[in-house]
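The structure under discussion appears below in the form of structure tokens.
The values are calculated or read from the model by the stated rules, or taken from the named source; none is laboratory data. Because the structure is a prediction, the values reported are computed rather than measured. Reconstructed Cβ throughout: ideal geometry from the backbone, glycine too, with neighbour counts over all protein chains shown.
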Amino acid sequence: MQEHYIPACVLAQLPGVLAQVAQAAGVKAAWQLAQARGGGRAYIPTPQALHEKHWLTQAVGLEASRAIAQALGGGEVEVPLGPFAGNRAQVWAAIERGLNAGLSVEQAARQAGVTARTVRRHRSEGTGGEKEGWCKLPGV
């Protein structure tokens, strides 16, 4: 199975086992796993025990479920709710909208209901030198 390259700034937003799932099967599979079993424990089978009707295959697809099973299979894992639990996604989107609209850090912070420090941290976190200086969580 191929390991997926996930930027460090995205991995930092994926709690617990979801970061491992993202590396093994992609960010979309991590989101789907969180949606299907987030907030509880889930049994991840071995790759040989997977089949088309297994809950994991139904949740993420056969190829992704095989990659997850290869990386984590054969036991129970605690599945976090994911980065879209609560209002984190809305805060990130509000910060991004403000910065993209040309607002100052302070203005974007007020718009998003966070501190200027939070906006500066989000703006500067690990893009690895990309032009925009913004590490966006895919899908937000």
(request) Select, from G40, G74, G26, the only residue that is in the same structural domain as A12 (by TED's automatic domain parsing), within 30 Å of R123 (Cα to Cα) and in contact (Cβ under 8 Å) with a residue 24 or more places away in the chain. (result) G26
(request) Return yes or no: is R66 farther than 29 Å from A93 by Cα and surrounded by 14 or more Cβ atoms within 10 Å (Cβ to Cβ)? (result) yes
(request) Out of Q13, Q32, report the one residue that is part of a loop (DSSP other than H, G, I, E, B), of a type outside the set (K, R) and crowded, with 18+ Cβ neighbours inside 10 Å. (result) Q13
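For residues that are surrounded by 17 or more Cβ atoms within 10 Å (Cβ to Cβ) and over 22 Å from W92 (Cβ atoms), scanning just region 35-57, find the one that is nearest to the chain's Cα centre (by Cα).
Of the residues in region 35-57, the ones surrounded by 17 or more Cβ atoms within 10 Å (Cβ to Cβ) are 37-38, 42, 44-45, 50, 56-57.
From the residues that got through so far, the ones that are over 22 Å from W92 (Cβ atoms) too are 37, 42, 44-45, 50, 56-57.
Working: R37: 14, A42: 18, I44: 19, P45: 22, L50: 24, L56: 17, T57: 19 Å.
Ranking the qualifying residues of region 35-57, first place goes to R37.
Go over the candidates A89, A85 one by one and state the one that is at pLDDT below 85, in a loop (DSSP other than H, G, I, E, B), small (G, A, S) and surrounded by fewer than 20 Cβ atoms within 10 Å (Cβ to Cβ).
Values: A89 fails: in a loop (DSSP other than H, G, I, E, B).
Only one candidate qualifies: A85.
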(request) Pick out the one residue from E52, E3, E63 that is in a loop (DSSP other than H, G, I, E, B) and modelled with pLDDT of 90 or more. (result) E52
